[in-house]
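Here is the structure we will look at.
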Amino acid sequence: MKTYAHDISIIVPLFNEAESLPELAKWIDKAMTEKGFNYEVIMVDDGSTDESWKAVEEIAGANPAFKGIRFRRNYGKSAALYCGFAKADGRVICTMDADLQDSPEELPEMYRMIVEDDWDVVSGWKQHRQDNKLTKNLPSKLYNATARKITGIKLHDMNCGIKAYRHEVVKDIEVYGEMHRYIPYLAKNAGYTRITEKPVHHQKRKYGKSKFGLERFVNGFLDLMSLWFLSTFGKKPMHFFGYSGIFMFLVGFVMTIWIIAAKLIHQAQHVHYRAVTDQPLFYLALLAVIIGVMLFLAGFVGEMIARSSSERNHYNIKEEI
């Protein structure tokens, strides 16, 4: 049986949260020590421009369970989680935001759900959000409904910051770009399908202001479509472009046959018929055939790229005997 250095590793990405960090550190320490956990906290400063790193240094100096990583500039939450996951060595690895809206008192139960109930991922569900209903709640509901439909994962709050993962999950996935929103989907694509959620307490922001605007929902949807395409057709691009190319080619071919047949029938009946090149349908047919050929070529290029990818034969093995 594999041994781990800690029971729980907690990754806290942060950006300009100097005011909340001391209070958050005390809150985490209290929640962990009351349950007797051997824990570590990795605070990842994503290029803060305030006194956040100074606060991290003071916290780490007072409590050896706290560690810090500091970026030279702001790279984004996905980069912070990626580096945190690489350093974490706990049996269960948790994430939470630094703004005091997530409660570390939720983590012991999430730990139990993974260790005892054998879940791979436990995602928080902010049933009663303390955000502005117009700018946060309504767009969030629409976004999560779309994410559930596309990913097939029945989570009410895909983007919730507080989550818990089995150690192997975060070691088998790669978080990049802005894919931190879809770690459960990345885990599912890696073969970790036991994904559930836990209602969590959500609090109003105590210090500062949110670092995310409404554009995150647009970016999130585009990222979701990219991730869906890559996970579905990443290793077989010809399946997507080939079917699309065949469809467009057939559309153009049928339209061409229709035009030729109509002309022959009119000629046989000695009825005046416009020249083929004078008809808009002819150019639509020509365009459909050209698009079909281009899609086929895109499929071939995609297959060449996929075959040369270093990930083409990467498979997650659960166990061996």
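The values are calculated or read from the model by the stated rules, or taken from the named source; none is laboratory data. It should be emphasised that the depicted structure is a prediction, and the values quoted were computed from it without experimental measurement. Reconstructed Cβ throughout: ideal geometry from the backbone, glycine too, with neighbour counts over all protein chains shown. These accessible areas exclude ligands, DNA and RNA; they are computed on the full protein's heavy atoms, side chains included. Shrake-Rupley method; radii C 1.70, N 1.55, O 1.52, S 1.80 Å.
Annotation note: chymotrypsin sites (Phe, Trp or Tyr not before Pro) in the stretch 149-184 located in DSSP loop regions with a Cβ neighbour count of at most 15 within 10 Å are Tyr176. Our estimate of slack between Ile265 and Val301, defined as 0.36 nm per intervening residue step minus the Cα-Cα distance, is 8.8 nm.
For the stretch 1-139, the antiparallel share of DSSP beta bridges with both residues in that region comes to about 0%. 3J(HN,Hα) couplings calculated from phi for the stretch 188-200 with the Karplus curve 6.51 cos²θ - 1.76 cosθ + 1.60 (θ = phi - 60°) are, in sequence order, 4, 5, 8, x, 9, 9, 7, 10, 9, 9, 9, x, 10 Hz; Gly and Pro show x. On a per residue basis, the stretch 29-141 carries 48 Å² of accessible surface, using protein heavy atoms and a 1.4 Å probe. Put simply, the amide H of Gly68, placed in the peptide plane, has neighbours under 5 Å in Met43, leaving out anything fewer than 5 places away on its chain.
Over the stretch 1-108, the hull volume per residue, using the convex hull of the C-alpha atoms, is 92 Å³.
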